[in-house]
Amino acid sequence: MRNPDKSLTKRTQRGTSLARQLRHDETEAEFRLWVDLRNRRLNGYKFSRQIPLGPYIADFVCRQNNLIVEVDGSQHAENPMDELRTDWLNRQGYAVLRFWNNEVLTERRSVLETILAVLEGRIVERCDSTRFYPARNHNKGTAS
């Protein structure tokens, strides 16, 4: 597990306020996925939601495994800012796994199985079809 940079997780009034607002205004897909991730419901892995990380706010974070799960709407299709964001998060030591809203709403079991496969180290290399982007310093077998 990496040693987190304090500036990465340092709370700011703006970041905390925005994260609270995003928790309050969650999408249907975020709500549905949170039901399955909260309280260690996914094989005991602890997730937090709407977590400020540097200049960004991650939808779901498993700090134990440095995994970020993002749930994206259509505004993210072909969005060049997402690539910059993912690259920045990868350089900070976080792997990023992205799903479309409709995937979460219609194929939630498959979504959860993919998240679990990443957490358990069965998916470790970049994969555009699953939209998995490993951390730059990602270590195989970091799952506990």
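Any read-out appearing in this document is the output of simple, stated calculations on the displayed coordinates, not a laboratory observation. Computed from a predicted structure; not experimentally measured. Reconstructed Cβ throughout: ideal geometry from the backbone, glycine too, with neighbour counts over all protein chains shown.
Between amide H atoms placed 1.01 Å from N, distances below 5 Å from Tyr94 occur with Arg136, all of them 5 or more places distant or on a separate chain.
Dipole check for the range 71-122: with +1 at the C-beta of Lys and Arg, -1 at the C-beta of Asp and Glu, and the Cα centre as origin, the magnitude is about 180 Debye. Arranged from fewest to most other beta-carbon atoms within 10 Å of their beta carbon, Ser129, Ser110 become Ser129, Ser110.
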